[in-house]
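Note sheet for the following structure.
Rule-based calculations on the coordinates, nothing more; no lab input. What you see is a predicted model; the values in this text were computed from it and never measured. When we count neighbours, we look across all protein chains shown, and the Cβ atoms used for this are built from the backbone with ideal geometry, even at glycine.
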Amino acid sequence: MAAAPSGAGDVQQASASAHGSGSGLALRSGATLAPPKILDFGSDPVGITRMVGDQDGAERRTDTNADVTYELQAEVLFAKDSARLSDSARSRIAVIASEIEQRSATRVRVSGFTDDLGSSAHGDVLSKQRAAAVRTVLADELHSETVTFETRGFGERHPVASNATEDGRKKNRRVEISFAQTGG
């Protein structure tokens, strides 16, 4: 490493790589570069994901280059152990339906999920019922014969958080609505 002229502290040239090419960065004497980090794009196949959530965590929107996904917490949609939508849930779903129309989406996926409390069979049934309830409201709001729905209940499979805490279980009780960014 070549030392720079002294003045306001000793400065050294930082090496950009193991090949010894200089990066043009200057470090104070005794400072070292942090170890390189490898970014994992495997969990984000399109390379770019943007997430936006509301303050209470009840709704989260994820945008990728290909899809838009809304994740709605079950507590804001349904009463405990119920698949009957609240009035406020219907208005949230209507806003999502409006965006589906704006994007001219023709295929919408609605997926229900539960936590791991209770039997797995009960969670499977409840998640399917909740996904179907959301699909029904979407279909009513869309008034379109061109939109097809894929509706699935996953029960406790595919958790997004640990089921060891109530906060984690709350995140796992959700309904996701996904559709293509443009058309499709």
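At-a-glance table
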read-out	value
Region 152-160 - phi-based ³J(HN,Hα) in whole Hz, Karplus 6.51/-1.76/1.60, Gly and Pro as x	9, x, 9, x, 8, 5, 6, x, 9
Whole-Hz couplings from phi, Karplus 6.51/-1.76/1.60, listed for region 130-143; x for Gly and Pro	5, 4, 5, 5, 5, 4, 4, 5, 4, 4, 5, 6, 6, 6
Dipole of region 88-136, positive end: most advanced residue of ALA89, GLN129, VAL108 [Cβ charges, Cα centre]	VAL108
Cut-off under 5 Å, modelled amide H: who pairs with ASP67 long-range	GLN181
